[in-house]
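The values are calculated or read from the model by the stated rules, or taken from the named source; none is laboratory data. It should be emphasised that the depicted structure is a prediction, and the values quoted were computed from it without experimental measurement. Virtual Cβ from ideal backbone geometry, glycine too; neighbours counted across all protein chains shown. Just the protein is used for accessible areas: all its heavy atoms, side chains included, with ligands, DNA and RNA removed. Shrake-Rupley method; radii C 1.70, N 1.55, O 1.52, S 1.80 Å.
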Amino acid sequence: MSAHDPAPTNAATATATAPAGAETDTDPLLARERAHLDASRAALRAMREDVQALDIRDVTANWVNAAVLESQIEDRIKALADLSHTPLFFGRLDYEHVVGAAEAEGAEGERFYIGRRHVHDADGDPMVIDWRAPVSQAFYQASKKNPLDVGLRRRFGYTAGELTAYEDEHLSDPTETVHSSKLLQAEIERPRVGPMRDIVATIQPEQDEIVRSGLSGSVCVQGGPGTGKTAVGLHRVAYLLYAHRERLARTGTLIIGPNASFLHYIEQVLPALGELEVKQATVDELVASTPGQVRVTGVDSAATAVVKGDARMARVLRRAVRSHVTLPTEPVMVVRGSRRWRVPAYELEELVRELLARDIRYGAAHDALPQRIAHSVLVQMERSGEAPDDRVQDAVARNPAVKAVVKAVWPAVDPAKLVLRLLSDADFLAEHAEGLLTADEQRALLWTKPPRSVKTAKWSSADAVLIDEANDLVSRTHSLGHVVLDEAQDLSPMQYRAVGRRCSTGSATVLGDLAQGTTPWATASWAEALEHLGKPDAAVEELTAGFRVPREVIAYASRLLPTISPGLTEVASVREAPESLEVRPVEAGALDAEVVGACVESLRHEGSIGLIAADARIPALSAALAAADLPHLAPGEETTALSRLTLVPASLAKGLEYDYVVLDEPSAVVSGEPDERTGLRRLYVALTRAVSGLTVIHASPLPDQLDTAWAGSAG
């Protein structure tokens, strides 16, 4: 039964499912589906073996071509790997008619199996259709109201990689009632052990629309906890690589995350979908790759970091860079052989003013000026009867006299040295910050004890971003084809500009939640953020349906929203989980013991466990867990069946998910931040990391927004 076989007119008339764990050996439909799975796996192995058997010795002209082709073949072999724990297909579509044909042209329809990658048989006919293919979109978008010519949508359930269940929806049958998918719910709620998984089997219609939006436009996704915004962003990358592979292969794709732990958590999603070439980085790593960048060893105060991250700093830097240009007051004399050629000062001034007016990069203008001067000399040569060519112009541009005037008029600028001077020299800073920064803001920028050199300075992360900006003023930053920016709400305006430079000629997918902004410079609105990013016309989409966090948990956390982000839409979770929330007051002296006990209780459940606490509480809790002989991991370390407990500082919890979360002392999470709003936002993040259950342990009073008669289990 191949993926393109015509579907019988009475195909799959059974509407019952064969739930996982049930006796299904006598179900002929399930047996046939298992047979198709076996045949598909065999076809995938054959595809891989065909690639492994390729002999490229006679098709490569040189060793460089051979190396490139070998690398491409190795990547193809990796992409064709059959992962035993990953279902090869998760759904089936039976169309009423041949896809693309009018009803009269095809009385019988077609059948397609939808999976993570394309698989074909020896004749090239499809066994499994890639979820990104146009014909697969109906799997996510079809409904009883709009069946999209789909007669049957079948979902499959797996246990340990074995097909154990199926569930049918007859979308074109008006007599069949609409029912929620138990298999879909089970897949969403499946315990989490190890890194983040793909969601190709559970993508919802509103998520699918964002995933399949075009490459030419940028998209900003506002999504509360559990709405799947990170997964949507990753699957959008996978879709774009499928739909625009050649273009993105030339221009490149990058995923930017908040920290290394987060990037490690998500790094297996794209490889599981067969995409191996997408790079990942934090903003700090991104700017560190700038030529001439410095090593970050210092830390700014919050007040200083806010000023350094302000968009006004871009104008200060621009003024400082342009201040190096001096209008010429003397002519230049070029000697060639026995002839002398004079370019007067007024003509040199016109050349300089013209370059300033064109507003090109400082370094590009620096390189263009000697050519402009040389061109003026060549005009004089031609008037005198000579016939100079381009080689003569290049020689004149390299003439010592021309080089000397360029050095005096338009000297080279070192971005790091420029920023060093701005942060060290009060007069230089005041000159270029006049009308932009207040006196107090300027004082906040200046080093108390200026360093002697670029190498001895204790540069901060915000300083590195300033150097990156200055570097772009001197020479253009390379632009990629597409950039995904996750947890974007925490970036400063200057960080947005740094990211925007990397996709100035490409597009971006911006992901975040304004309510989870936990930096002093967190963005107030997406319109403002997108302006700084250079993508003011990006479409802003909002995901409000929650699929991960239980309704009871998200409702409890949402009590903070009126304080931390007034006006933001509360997430409406589709998952009811009675007794998923417990708020447990304890005596102060028993706090550590109670937290350890809650971890032991959580470990009785299947899946991953996260113990989240204020950063200052981590050493004490680590010692308490060790004393109780409870091994634990740090964020970013991969959970296994034998090691499922992770001790998570609240500052690193953003973007992570655990089946069960124990939250230690909410008041300590709040007080650990510079101000109450930031502290409450950090608490909102911590409260929304649980997929199945949350236990809150507190000895100190809860924040007023939460302290409203919650005691014991809540359901």
- prompt: From the square roots a ≥ b ≥ c of the eigenvalues of the alpha-carbon gyration tensor of the range 185-259, which class results: rounded (a/c under 1.5), prolate (a/b over b/c), or oblate?
  reply: prolate
message: Full-extension gain between Q72 and A260, please, as 0.36 nm times their residue separation minus the C-alpha to C-alpha distance.
response: 64.9 nm
For R212, net neighbour charge (Lys/Arg +1, Asp/Glu -1) across residues whose Cβ lies under 11 Å away: 0
statement: Extension length gain for S323 and E576 (0.36 nm per residue less Cα distance), in nm, is 84.8 nm
- request: Please sort by residue number the GluC sites (Glu not before Pro) in the range 379-439 whose DSSP state is loop and whose Cβ has at most 11 other Cβ atoms within 10 Å.
  value: E434
statement: Expressed in square angstrom to the nearest 10, the accessible area of I199 with a 1.4 Å probe stands at 10
- request: Treat each spin label as a single point 7 Å out from the Cα along the C-beta direction, and report the S453 to D615 distance in nm.
  value: 3.2
Fraction of beta bridges assigned by DSSP in the chain that are antiparallel (%, nearest 5): 35
message: Using each residue's phi in the range 510-524, evaluate 6.51 cos²θ - 1.76 cosθ + 1.60 at θ = phi - 60° and report the 3J(HN,Hα) Karplus result to the nearest Hz, with x for Gly and Pro.
response: 9, 10, x, 9, 4, 6, 9, x, 10, 10, x, 9, 3, 5, 8
field: Solvent-accessible surface ranking, highest first, for S136, S180 at 1.4 angstrom
entry: S180, S136
message: Quick check: from the Cα gyration tensor, does the range 550-609 come out rounded (a/c under 1.5), prolate or oblate?
response: oblate
message: Could you sort R548, R398, R575 by their accessible area in this structure, using a 1.4 Å probe and putting the largest first?
response: R398, R548, R575
Amide H contacts under 5 Å for V583, placed H, 5+ residues apart: V696, G712, A714
- line: Quick calc, the chain, dipole around Cα centre from Cβ unit charges on Lys, Arg (+) and Asp, Glu (-), nearest 20 debye, gives 3260
statement: Here the FRET efficiency for D38 versus L148, based on Cβ atoms and R0 = 35 Å and rounded to 0.05, is 0.75
- request: Any chance you could give the angle, 0 to 90 degrees and rounded to 10, that helix 461-474 forms with the longest Cα principal axis of the chain?
  value: 50
statement: Heavy-atom accessible area with a 1.4 angstrom probe orders R644, R154, R551, R312, most exposed first, as R551, R312, R644, R154
message: Suppose R0 equals 30 Å. What FRET efficiency, 1/(1 + (r/R0)^6) with r the Cβ-Cβ distance, do D394 and Q293 give to the nearest 0.05?
response: 0.40
query: For L93, what is the net charge nearby, where nearby means another residue's Cβ is under 9 Å from its Cβ and Lys, Arg count +1, Asp, Glu -1?
result: +2
statement: Summing -39500 (n - 2.57) over every DSSP H run of at least 4 residues in the chain and dividing by its residue count gives a helix-only mean residue ellipticity at 222 nm, to the nearest 500 deg cm²/dmol, of -11500 deg cm²/dmol
- request: Would you mind getting the accessible area per residue of the chain, heavy atoms of the protein chains only, 1.4 Å probe, in Å²?
  value: 45
message: At 7 Å along Cα-to-Cβ for each site, give me the label-to-label distance between V64 and E162 in nm.
response: 5.4
- request: Among L163, V200, H244, pick out the residue whose Cα is farthest towards the positive end of the charge dipole of the range 126-246, where Lys and Arg carry +1 and Asp and Glu carry -1 on C-beta, about the Cα centre.
  value: H244
message: Give me the base-10 log of I(q)/I(0) for the range 487-600 at each q in 0.10 Å⁻¹, Debye formula, one uniform scatterer per Cα, rounded to two decimals.
response: -0.46
task: Answer rounded, prolate or oblate for the range 79-234, using the Cα gyration tensor with square roots of eigenvalues a ≥ b ≥ c: rounded when a/c is under 1.5, else prolate when a/b is larger than b/c, else oblate.
output: rounded
field: Distance (nanometres) between label positions extended 7 Å along Cα→Cβ at S384 and A345
entry: 2.3
query: Which angle between 0 and 90 degrees, to the nearest 10, do you get for helix 345-358 versus the longest principal axis of the chain when only C-alpha atoms count?
result: 10
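Calculate, in nm to one decimal, what D173 and K279 gain on full extension: separation in residues at 0.36 nm each, minus their alpha carbon distance.
Length gained between D173 and K279: 33.6 nm.
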- prompt: Of the accessible area of the chain, with the probe set at 1.4 angstrom, what percent is carbon plus sulfur?
  reply: 51
